[in-house]
Amino acid sequence: MTETVPSTSTGSTSTASTGAGAPARGRRTTGTRPPKARASSSKPAPSKTAPSKPTGSSPAAAATSPEAPVPPADAETLVGYYRQMLLIRRFEERAGRAYTEAKIGGYCHLNLGEEATVVGLMAALRPTDYLFTNYREHGYALSKGIDANRVMAELYGRSTGVSKGWGGSMHLFDAEARLLGGYGIVGGQLPLATGAALAVSYRGGDDVVMCHMGDGTAAIGAFHESLNIAGLWDLPVVFVVVNNGLGMGTTVENSSAEPELYRRGAAYRIESARVDGTDVIAVRDAARAAVERARTESKPYLLETLSPRLKGHSVVDPARYRSKEEKQALKAADPLARMALELEEAGVLSADERDRLDAEVTAEIDAAAAFADDSPEPDVSTLFDYTYATPVPGELRRLPADPVFGS
């Protein structure tokens, strides 16, 4: 059953959905639309109304634009989502352990606590859709269908990894899976994702580009430039801000004059929404609405998910900026534990079945770690093999120890 209630804010709605095949879970959504519909060839008139101040809505008041009701997930689908979330959790826990064992070098950022957002977003995409992410992308690679062995091997810097061992944790890339990179530079993926959407639009077809970023990225220039171009040229791209409440150790409220980041789409007349990122079904439904708009209308979309991370910014961050009470609240709101309880209460997944799934997933991750351990390191001669997609005349391939000029 779906009940739609007009919100007090202009142009937004609130929706609560429950279904027979899913555990009873409130999925409230609200969304904003551009102030005026426009044809792609016309220039929009400036809005004469001033933006409203944020109302201080809580993360539980999720938001998205519900164009059409989405059927609730069946039991098999729900268990599949839970298994995928569990796979990400066990993978990230093993990655954190491997980092402390010095098997993973460089930086390492984990999706712990964001599993529902990751799985929900990826469930909305087709295999042919493109994905650009930031450096917190392990779970996205797994949910895009990339084998855990290859992802773990890349973290270990081995030649069997998705980037041949040269990318590491922050630079996963698989053209076949259409994961076009994790990016270490904050916001570095936005102009590239926008360009990919332009290419899709130019060539025709109905592929969609999804560009994932953290909340801190919404304050940089590339964010605004990319949204402006996407809105101006009607590009099929969905920008997703995963708001975990902290840009490293600084809260969104202390770094952004408008902490409700989805509202920034209004500046470019891009439809936008906010959703509870701890609810995999709510995220999936919101992402589906955004992707469908991009696919069928070639219109960009800005989606914000509220997805607190359970740990620090990276593996080496002890998160001392969080109080004991905050840490306890995060643990109590763990989306994986919450979904497990809801599935059990709904009679969808018993405790014994859950334990069996956990053992199965843990064995898969153990095998991935063993595969990475046993894989060879890349030969130094391959360092420049993937710098360019096509040969470049005069390409410099000099190593640090090589002479500047030939003998």
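The values are calculated or read from the model by the stated rules, or taken from the named source; none is laboratory data. The shown structure was predicted, so the numbers you read here are calculated from the model rather than taken from an experiment. When we count neighbours, we look across all protein chains shown, and the Cβ atoms used for this are built from the backbone with ideal geometry, even at glycine. Heads up: the accessible areas ignore ligands, DNA and RNA and are worked out on the full protein's heavy atoms, side chains in. Shrake-Rupley method; radii C 1.70, N 1.55, O 1.52, S 1.80 Å.
Tell me, what % of the accessible area of the range 255-326 is carbon and sulfur with a 1.4 angstrom probe? Carbon plus sulfur share of accessible area: 50 percent.
On the beta carbon distance between N228 and D352, with R0 = 51 Å, the FRET formula returns roughly 0.45. Computed over the alpha-carbon pairs of the range 337-407, the distance histogram in 10 Å steps reads 14, 22, 17, 14, 15, 12, 5, 1 percent, short to long. Sorted largest first, the spans of the alpha carbon positions of the range 142-192 along the three principal axes are 30, 20, 14 Å. Taking all protein chains together and a 1.4 Å probe, the residues F173, F405 rank F405, F173 from largest to smallest accessible area. The antiparallel fraction among DSSP beta bridges confined to the range 131-243 stands at about 10%.
Per residue, the convex hull around the alpha carbon atoms of the range 98-238 comes to 105 Å³. Separation of the range 251-280 and the range 83-131 by C-alpha centroid, Å? Between the Cα centres of the range 251-280 and the range 83-131 lies a distance of 23 Å.
In angstrom, the C-alpha Rg and Dmax of the range 275-407 are 23.9, 75.
When the chymotrypsin sites (Phe, Trp or Tyr not before Pro) in the range 239-292 are filtered for DSSP coil states and for at most 12 other beta-carbon atoms within 10 Å of their beta-carbon, no site remains. Among K144/K311; K299/K327; K164/K299; K144/K331; K103/K144, which pairs are too far apart, with a Cα-Cα distance over 29 Å? As for pairs spanning more than 29 Å Cα to Cα, those are K299/K327; K164/K299. Remark: relative contact order (the range 180-308) = 28 percent; criterion is Cα-Cα distance under 8 angstrom and separation of 6 or more residues. V151 contributes about 0 Å² of solvent-accessible surface, heavy atoms of the protein only, 1.4 Å probe.
Per-residue 3J(HN,Hα) values for the range 284-295, derived from phi via the Karplus relation 6.51 cos²θ - 1.76 cosθ + 1.60 with θ = phi - 60°, read 4, 5, 5, 5, 4, 4, 5, 5, 5, 5, 5, 6 Hz in sequence order (x marks Gly and Pro).
Ordered by 1.4 Å accessible area with all protein chains kept, I146, I185 run largest first as I185, I146.
At q = 0.09 Å⁻¹, what base-10 log of I(q)/I(0) does the Debye formula yield for the range 198-328 when every alpha carbon is treated as an equal point scatterer in vacuo? Summing over Cα pairs of the range 198-328 leads to -0.29.
When the inverse distances between all different Cα atoms of the range 224-265 are averaged and flipped, the Kirkwood radius reads 11.8 angstrom.
Solvent-accessible surface of the range 245-362, averaged per residue with a 1.4 angstrom probe and all protein chains in place: 45 square angstrom.
Expressed per residue, the C-alpha convex hull volume of the range 188-244 stands at 62 Å³.
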